[in-house]
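Novice: Here it is: the structure, laid out below.
The values are calculated or read from the model by the stated rules, or taken from the named source; none is laboratory data. Bear in mind the structure is a predicted one, so any value in this text is a computation, not a measurement. Glycine gets a Cβ as well: all are built from the backbone with ideal geometry, and neighbour counts include every protein chain shown. What goes into the accessible areas is simple: the full protein's heavy atoms, side chains included, and nothing from ligands, DNA or RNA. Shrake-Rupley method; radii C 1.70, N 1.55, O 1.52, S 1.80 Å.
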Amino acid sequence: MKIDEARNYHKIDAVIVGAGLAGLRAALEVAKSGLSVAVISKVYPTRSHSGGAQGGIAAALANAAEDSLESHMFDTIKGSDYLADQDIIERFVNEALKTVYEFEHMGVPFSRTEDGRINQRPFGGHSSPRACFAQDVTGHVLLHTLYEQCLQHNVLFFNEFQVLSLLVSEDVSRGLVAWDIRNGGLHIFHARAVLLATGGYGRAWKVTSNAHANTGDGVALVLEAGLPLEDMEFVQFHPTGLYKHGILLSEAARGEGAYIINDKGERFMKNYAAAKMELAPRDIVSRSEQTEINEGRGIGGKDYVYLDLRHLGRQKILERLPQVYDLALNYLKVDGIKEPIPIQPTAHYSMGGIPANVRTEVIKDASGTVVRGLYTAGETSCLSLHGANRLGCNSLQDAATFGRLAGIHMTGFCKENGFAPLPAQPLDVAQVKIDRLRQGQGKERHAPIREKLQENMTKYLGVFRNQEDMLKMLVMIKELQERYRQVTVDDRNDAFNLDLIEALELENLLSFSEVIVEGALARRESRGAHFRSDFPKRNDGEWLKHTLAWRRDGKIVLDFSKGVVIYPQYQPQERKY
Amino acid sequence: MAMIELSVKILRYQPGKDEKPHWQVFDIAVEDESTILDVLNEIHWQHDGTLAYRRSCRSSICGSCAMKVNGRNVLACETPIHRFGSKLKIEPLSGFDIIKDLVVDLDPFFAKLKRIRPYLILDKPTPDKEFVQSPAQLEAIGESTLCILCAACSASCPSSWPNQDYLGPAALLKAYRFIFDSRDDGADQRLEIVNDKNGVWRCHTIFNCIEACPKKIKITEYLSRLKVKVVENSL
């Protein structure tokens, strides 16, 4: 297969996949060094789902109350149910303040204290008010500010491009191949360094807070390249998803004092986390909600409970939580000033992802062998900062801090290394994917397959899991993968072929979902967001370790030899709130 | 929850196939609580895979799905069908080239943003911690920072349609956002850029942008403050 070299071949020092907070922060860092840097995104950058983050970005600024780096570190370790690597958390908390002050210097419109400093609010699992916020649109203002900074520093943008294959061989990254969504056609991006910052994989579930774009493309590409994924079974369910829609209602609501109540009007968190109540970590609040629902105390016996803002008063709601208020009003016709808002747990954050070290270099095995020139940051990565459960407002900080560090490390790498040669037939893998969908004779369509996957992931791989359900899911995924081989698209044209993109995304969903289920089946314990009704206790003796998973000869191979980095002063303890 | 029958008329354009845009009607049944985006998904997933449109977050923050429904610019994801009755007419945003169906070329829109230097310009050193900014100083720009760049405002603006060089409401709002930021030192540069026949003076206070804005930002008002600032600055 030939390529139009003038138009479709790009030789760029650093290529970044994903235009969310991690990708843009890395791009900015590389651009400032004078190297060429391109951001490839399947949406316009400001459409990225970092903009959906609402409540805040964590840093122990101590602007609203006493706070310390040690406290932030311990809270994150405990929140992770001790699965996070503590060297990563140490680096994270040490960089967090700098990351926030830099954002402020870029012009981020943070909400302010009376004396004009960045305001901070309480958040689940944090022992001090640590979430630096801009009303309840923190992710939105961070994303837009970073995009504007990237414009200033002349980052190249390839908007509406879908990456179809990574060019990795002999443990060296050489670049990637992407499809031009707007015009059609494959492009080769030949790069010294590549960063994968493609966000989460929550679109495998029906009830999710994630955007349509969050189809885990990065993790699927890595799996396809013969590299492992880490801890994929750990997926956070956010306790305050808007009923039926799954849309996020910020934890900021509870940070500002909102209650969660059941059918009897009880603040039931008193029975599950008496000290922290609604501000216990998300895994615990979601499980408590689901327990209330399962035991018949959902509203009217149904599958939802209430988020109650009413006692906060009109002024506080409209000043601090305008987005939460508007979402409930627009989507459910519920006026949060006067009525409680129906909520349910919603698939939200992917703790698992592409394994990498503290330098954000992608690794290919339990001993940490680096894939040269390949980096990852943000939700798609698994460093592991969040372990089995992420604390609210740590994700924006994660994406920004490790995005910045990735930019620094990539810059250093690009200055010391040339362009590794491309493989002989770089387009082949991508071309086959496109041709099969557009020229095939199969009669399956992508939509019903995706619908079945999502419905059943919500049913069988939710807040509570057990072996029987997960085995059913595994069989179903294999059937759906088989059906996928017969998928073709209605739209056979080049320009803005949404049909084609959705079909390609479905292949990714089906691929990594199998890893999620295999990991969840193998992990016979309950830790953080992974709760097994048939193994309801955390088992540090056997399971204080990470899950690595490869696809080899069509089968998922698991490895549990990657240990957790634990410092002597932070030994695992019982986790109570 | 009940099902409702809808007649959905969509402006279609497939490049390389259609000479010009044309209407196509889909008769479908959806749940009565559906949004416009649900309707488009239903058509795309169940009836005609060739339909193209943009969407991502579903929660009115990403700005992908601005389009014209029964003559009004809206975000498809947050707009319930019950606002319109049983007949829907869906077309792409006006004033932009159509790439395909409901997908328009927004590159010129984003290029205008860059023209007003949309970043904090500082001629003072940065402090060790944050700049001090009072709640009142933040309040001056607060609402303007909620813009999601969906382009609904530009597409509703009669001053924008005939003149591709006009900066348009979104870029001018962004200029306002930085000029009135207490931390910024770049007001003079930006005021010079917007003090142009294709800058603030092309805004004829028609107020369509306010009506179109899904974030209810009082754009016309901010542009008027910008005009005052330009005049003050040139005295």
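Novice: Could you tell me whether any residue of the stretch A:526-538 is of a type in the set (Gly, Ala, Ser) and without any contact (Cβ under 8 Å) to a residue 40 or more places away in the chain?
Specialist: Scanning the stretch A:526-538 turns up at least one residue that is of a type in the set (Gly, Ala, Ser) and without any contact (Cβ under 8 Å) to a residue 40 or more places away in the chain.
Novice: What's the total number of residues in the stretch B:90-110 that are under 18 Å from B:Gly199 (Cβ atoms) and within 10 Å of another protein chain (Cβ to nearest Cβ)?
Specialist: 2
Novice: Can you work out which of the residues in the stretch A:128-172 that are over 23 Å from the mean Cα position of the chain (by Cα) and assigned to a strand (DSSP E or B) is surrounded by the most Cβ atoms within 10 Å (Cβ to Cβ)?
Specialist: A:Val168
Novice: Going through B:Ser94, B:Ser159, B:Ser134, B:Ser144 one at a time, which residue ends up being in contact with a Lys or Arg (Cβ under 9 Å, 6 or more places away or on another chain) and closer than 26 Å to B:Lys9 by Cβ?
Specialist: One residue alone meets the criteria, B:Ser94.
Novice: Now, a different point. Checking A:Gly139 against (1) under 27 Å from A:Gly563 (Cα atoms); (2) facing chain B (nearest Cβ under 9 Å), which single condition isn't satisfied?
Specialist: (1)
Novice: All but one of (1) away from chain A (no Cβ under 13 Å); (2) touching a His at 6+ places or on another chain (Cβ under 9 Å) hold for B:Leu122, so report the exception by its number.
Specialist: The failed condition is (1).
Novice: Follow-up question, since we're still on this one. Which of the residues belonging to the stretch B:124-143 are open to solvent by less than 50 Å² (accessible area, probe 1.4 Å) and under 28 Å from A:Ala96 (Cβ atoms)? Break it down stepwise before answering.
Specialist: First pass over the stretch B:124-143, keeping only residues open to solvent by less than 50 Å² (accessible area, probe 1.4 Å): B:127, B:130-131, B:133-135, B:138, B:140-143.
B:Pro127, B:Glu130, B:Phe131, B:Gln133, B:Ser134, B:Pro135, B:Leu138, B:Ile141, B:Gly142, listed by residue number.
Novice: Here's another thing I want to ask about it. Taking the residues in the stretch B:50-63 that are open to solvent by 20 Å² or more (accessible area, probe 1.4 Å) and at the interface with chain A (Cβ under 7 Å from one of its Cβ atoms) as candidates, determine which candidate is farthest from the chain's Cα centre (by Cα). Before the answer, list the steps.
Specialist: Residues of the stretch B:50-63 that are open to solvent by 20 Å² or more (accessible area, probe 1.4 Å), as a first pass: B:50, B:54-55, B:58.
From what's left, at the interface with chain A (Cβ under 7 Å from one of its Cβ atoms): B:50, B:55, B:58.
Numbers: B:Thr50: 25, B:Arg55: 14, B:Arg58: 16 Å.
The qualifying residue farthest from the chain's Cα centre (by Cα) is B:Thr50.
Novice: With of a type in the set (A, V, I, L, M, F, W, C), in contact (Cβ under 8 Å) with a residue 40 or more places away in the chain and more than 30 Å from A:Lys98 (Cβ to Cβ) as the only criterion, which of B:Leu167, B:Leu149, B:Leu113, B:Leu120 stands out?
Specialist: Result of the check over B:Leu167, B:Leu149, B:Leu113, B:Leu120: B:Leu167.
Novice: Check A:Leu83 against each of (1) in contact with an Asp or Glu (Cβ under 9 Å, 6 or more places away or on another chain); (2) crowded, with 20+ Cβ neighbours inside 10 Å; (3) within 14 Å of chain B (Cβ to nearest Cβ); (4) assigned to a loop (DSSP other than H, G, I, E, B) and name the one condition it does not meet.
Specialist: Among (1) in contact with an Asp or Glu (Cβ under 9 Å, 6 or more places away or on another chain); (2) crowded, with 20+ Cβ neighbours inside 10 Å; (3) within 14 Å of chain B (Cβ to nearest Cβ); (4) assigned to a loop (DSSP other than H, G, I, E, B), the lone unmet condition for A:Leu83 is (3).
Novice: Let me confirm something: among B:Pro214, B:Pro162, which residue is in contact with a strand residue (DSSP E or B) (Cβ under 8 Å, 6 or more places away or on another chain) and either open to solvent by 50 Å² or more (accessible area, probe 1.4 Å) or part of a loop (DSSP other than H, G, I, E, B) (or both)?
Specialist: Residue meeting the stated conditions: B:Pro214.
Novice: Can I ask one more? Count, please, the residues in the stretch A:485-502 that happen to be more than 10 Å from chain B (Cβ to nearest Cβ) and open to solvent by 20 Å² or more (accessible area, probe 1.4 Å).
Specialist: Total meeting the criteria: 2.
Novice: Moving to a separate point now. So, A:Thr215, is that one out of contact with any strand residue (DSSP E or B) (no Cβ under 8 Å at 6 or more places or on another chain), buried (at least 24 other Cβ atoms within 10 Å of the Cβ) and of a type in the set (Val, Ile, Thr) or not?
Specialist: Yes; evaluated as a whole, the condition is true for this residue.
Novice: A follow-up question, please. When you go through B:Ala151, B:Ala155 one by one, which is the residue that is within 20 Å of B:Arg54 (Cβ to Cβ), within 14 Å of chain A (Cβ to nearest Cβ), open to solvent by less than 10 Å² (accessible area, probe 1.4 Å) and at pLDDT 95 or above?
Specialist: Only one candidate passes the filter, namely B:Ala151.
Novice: Give the stretch A:317-336 a look and list any residue that's more than 14 Å from chain B (Cβ to nearest Cβ) and either in contact (Cβ under 8 Å) with a residue 24 or more places away in the chain or in contact with a Gly (Cβ under 7 Å, 6 or more places away or on another chain) (or both), or say none.
Specialist: Residues satisfying the conditions are A:Ile317, A:Gly336.
Novice: Looking for whichever is open to solvent by 10 Å² or more (accessible area, probe 1.4 Å), part of a helix (DSSP H, G or I) and touching a residue at least 24 places away in the same chain (Cβ under 8 Å) here; the options are A:Glu482, A:Glu514, A:Glu542, A:Glu505. Which one fits?
Specialist: The match here is A:Glu505.
Novice: Could you pull out the residue among A:Ser50, A:Ser36 that is in contact with a Leu (Cβ under 6 Å, 6 or more places away or on another chain), of a type outside the set (A, V, I, L, M) and open to solvent by 10 Å² or more (accessible area, probe 1.4 Å)?
Specialist: The match here is A:Ser50.
Novice: So for the stretch B:30-43 (the condition being under 24 Å from the mean Cα position of the chain (by Cα) and in a strand (DSSP E or B)), does at least one residue qualify?
Specialist: Yes; the residues of the stretch B:30-43 include at least one that is under 24 Å from the mean Cα position of the chain (by Cα) and in a strand (DSSP E or B).
Novice: To continue, here is another question. Name the single residue that is surrounded by the most Cβ atoms within 10 Å (Cβ to Cβ) among those in the stretch A:96-121 being part of a helix (DSSP H, G or I) and facing another protein chain (nearest Cβ under 9 Å).
Specialist: A:Val100
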